[in-house]
Each structure stands twice: as structure tokens, then as C-alpha cells.
Amino acid sequence: KCLIDGPTTGVQRQLICYKRLALLDQVVEIKRGADTATVKAAAKSAKITETFRATGWGKKLSNKKKRAAMSDFDRFKLMVARKEKSRLINKEFKKLKKQATA
């Protein structure tokens, strides 16, 4: 089991099995038995939140949150933009394909 604490994310200090955790590359050097304030200060000085947001997982969560906050019209505009992008890509692909066969 592992003692976890998330002072910046609102996760309370608790014991969790390693099987339920996903370990990341970000590391904070603290002594054993450190209190929540020490963990918070160490995480802030190591810029853990910023480095996590820069990872693929952090970007994925950010995009998920943005999509959840979208209105119906925003989703429609996104759909139209994706269709237009796909149309342009296919048009260019067909032009290149035609040049290759000629």
C-alpha cells in the first residue's frame, strides 16, 4: 500500500493499493512522514502541476474538460471545421494521386 496526498488537487491523505495507482515520471523528493504542508510546498517548488499538464495525459484531460464545457453550437462549429479540413485533405490527396499515376 501507498500513502497518497494531493494538497493541490483536493485529494485527502489516504492509503491506496499500488494496483489502483498509475505512476508518472514526475518525482518530488520529501522525507518519510512529511505533513501535507511540506508535500504542498515540495510539489509547488517542483512545478508538478505544470509538468503534468505538459504531458499527453494532462493534455488529454484538458481537452476532455474543454469538450465537456462546449455548447451545442460550439460542437456544430467543430463538426463543420473537421469536415472542411477532411475535404481539403482529400482534395489534395486526389490531386497528388492523379499526378503520381500520370
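The values are calculated or read from the model by the stated rules, or taken from the named source; none is laboratory data. Computed from a predicted model, the values in this text were never measured in an experiment. Here Cβ is always computed from backbone atoms with ideal geometry, including for glycine, and neighbour counts include all displayed protein chains. Heavy atoms of the whole protein, side chains included, go into the accessibility calculation; ligands, DNA and RNA do not. Shrake-Rupley method; radii C 1.70, N 1.55, O 1.52, S 1.80 Å.
Just one of the listed residues (Ala69, Ala34, Ala43) is open to solvent by less than 60 Å² (accessible area, probe 1.4 Å), within 30 Å of Thr8 (Cβ to Cβ) and without any contact (Cβ under 8 Å) to a residue 12 or more places away in the chain, and it is Ala34.
Being modelled with pLDDT under 95 and surrounded by 12 or more Cβ atoms within 10 Å (Cβ to Cβ) is a description that does not apply to Val27.
Annotation note: of Lys59, Lys95, the sole residue that is within 30 Å of Thr9 (Cα to Cα) and open to solvent by 100 Å² or more (accessible area, probe 1.4 Å) is Lys59. Exactly one residue out of Ala81, Ala102, Ala54 is open to solvent by 90 Å² or more (accessible area, probe 1.4 Å) and either among the small types (Gly, Ala, Ser) or in contact with a His (Cβ under 7 Å, 6 or more places away or on another chain) (or both), and it is Ala102.
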